[in-house]
Amino acid sequence: MLEGRVVVVGAGQAGGEVAIQLRRMGWQGHVTVLGAETAPPYQRPPLSKKYLAGQMATDDLWLRPRETFAEERIALGTGERVVHADLDARAVTTGDGEVHAFDHLVFATGSTPRRIALPGAELGGVHVLRSITDVDGLRPALLPGARLVIVGAGYIGLEVAAVARGLDVAVTVLEAAPRVLARVTGPEMSAFYDQVHRDAGVDVRTGARLEAFEGDGQVAAVRLADGQRIEADVVLVAIGIVPDDALARASGVHCEDGIVVDADARTSAPGVYAIGDCARRPLVHYDRRLSRLESVHNALEQAKLAAAAITGAPRPTEETPWFWSDQYDLKLQIAGISAGADRVVLRGDPGTRRFAAFSLAAGRLIAVDAVNAPAEFMAGRKLIAQRAEVAPERLADTSVSMKDILGAG
């Protein structure tokens, strides 16, 4: 029976999408989406790219117009933070005391920026970037000639560095690891992006250890452990995110670096699901190890899986995980997860700014990182899904088309 009450806690991309998918899969009962932000569900990837650069209007971030949720009979409660979930009473309570009963509950609480515990971290001008409000606070400081220090050389840090250089901002990037993008890609791709940013005028410093932020009310400099002092008008701390699993944990749901779910997004509690950044899920293409995937693809896929489990609709096929990053004129597209690779094969010349790095484990393709190389990305996604073994020499040989490699795989 496709009746009853579904409450979704979190109105981000995953929360908005699961509500829509419930309707598409035939759910006739009540659907309520509750989100702490006042904005309707919106895209986050453009925040560190076109939106920060002023090339995208706020309204263009919305996943769907508010009217769409009304037309689909979805009660969208923005600016309503859920503060308590009682799984025995089957109800959640918002900060203003409103109670919402449920038959099925979906945690789509997302994540929060990782904070840095250093003296001066609360000074004015020290920013994080996760929401529209964060970007609206940061952007006015990115004026020509301003000095921006970015702490962290992951996707967000380097994307903001690229945008800032386009605005003629002086940029210094500080990374504690020995290379940029260390958590998400291999040494070959790290070396490429390190040089790209240096060529664009970014002062990239790896192995950097911070000691404090200095300033009188407003940040004026960043002090390193070796005594160096880097003057700054504005600082962005971009050292990753942490899953927002506090509400689920307090309700008794099993959490372990995120809300632990099965392949259908079910938590340890009956009738309770978790999707998106807050969830730790098994990956079918990687021997079902548990992982948190911070991506649009993950949010959309888990939304469909949870909706299918709730409605009894046919289970969607799980795809190869994919990600992307835009920096300068470069589009990096990643399929799969490279952790555990024992060999990396380069296809193409990084000097041409169009190439791919294929990661293999015991002869099987497990990931591809493609720079301005959509054919390699698309074929790689399919080969990873097929758990294909591919001869390294064929991958490296650009005279062999990816279509032929895919056909052989």
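Being buried (at least 18 other Cβ atoms within 10 Å of the Cβ) and farther than 15 Å from residue 152 by Cα holds for only one residue in 246, 221, 250, and it is 221.
Just one of 76, 63, 34, 87 is over 30 Å from residue 213 (Cβ atoms) and either of a type in the set (Asp, Glu) or out of contact with any Pro (no Cβ under 9 Å at 6 or more places or on another chain) (or both); which is it? That would be 34, the only listed residue that is over 30 Å from residue 213 (Cβ atoms) and either of a type in the set (Asp, Glu) or out of contact with any Pro (no Cβ under 9 Å at 6 or more places or on another chain) (or both). Here are 44, 23: which of them is without any contact (Cβ under 8 Å) to a residue 60 or more places away in the chain, out of contact with any Phe, Trp or Tyr (no Cβ under 7 Å at 6 or more places or on another chain) and among the basic types (Lys, Arg)? Going through 44, 23 in turn, the sole match is 23.
Residue 126 meets each of the listed conditions (1) in the same structural domain as residue 218 (by TED's automatic domain parsing); (2) within 17 Å of residue 33 (Cβ to Cβ); (3) not small (Gly, Ala, Ser) apart from (2). The lone criterion from (1) in contact (Cβ under 8 Å) with a residue 40 or more places away in the chain; (2) surrounded by fewer than 19 Cβ atoms within 10 Å (Cβ to Cβ); (3) within 27 Å of residue 353 (Cβ to Cβ) left unmet by residue 112 is number (3). Exactly one residue out of 339, 279 is within 24 Å of residue 384 (Cα to Cα) and modelled with pLDDT of 95 or more, and it is 279. When restricted to residues that are touching a Phe, Trp or Tyr at 6+ places or on another chain (Cβ under 8 Å), over 11 Å from residue 17 (Cβ atoms) and among the aliphatic types (A, V, I, L, M), region 271-312 contains 5. Among the helices (runs of 4 or more DSSP H) confined to region 90-199, the ones with at least 3 residues that are more than 24 Å from residue 46 (Cβ to Cβ) are located at 187-199. In region 54-73, the residues that are within 19 Å of residue 30 (Cβ to Cβ) form Cβ pairs under 6 Å with partners that are assigned to a helix (DSSP H, G or I), at six or more places apart or across chains, as follows: 72/23.
For beta carbons closer than 8 Å, sequence separation of 6+ or different chains, a first residue in region 341-369 that is over 17 Å from residue 184 (Cα atoms) and free of Cβ contacts under 8 Å to residues at least 24 places away in the same chain and a second that is buried (at least 16 other Cβ atoms within 10 Å of the Cβ) and of a type in the set (Asp, Glu), there are no qualifying pairs. Taking every residue in region 308-333 that is without any contact (Cβ under 8 Å) to a residue 24 or more places away in the chain and pairing it with any residue that is charged (D, E, K, R), at least 6 positions away or on another chain, the pairs with Cβ-Cβ distances below 8 Å are 316/301; 316/304.
The values are calculated or read from the model by the stated rules, or taken from the named source; none is laboratory data. Keep in mind that what you see is a predicted model, and the values were worked out from it rather than measured. In this analysis, Cβ positions are derived from the backbone assuming ideal geometry, glycine residues included, and neighbour counts consider all displayed protein chains.
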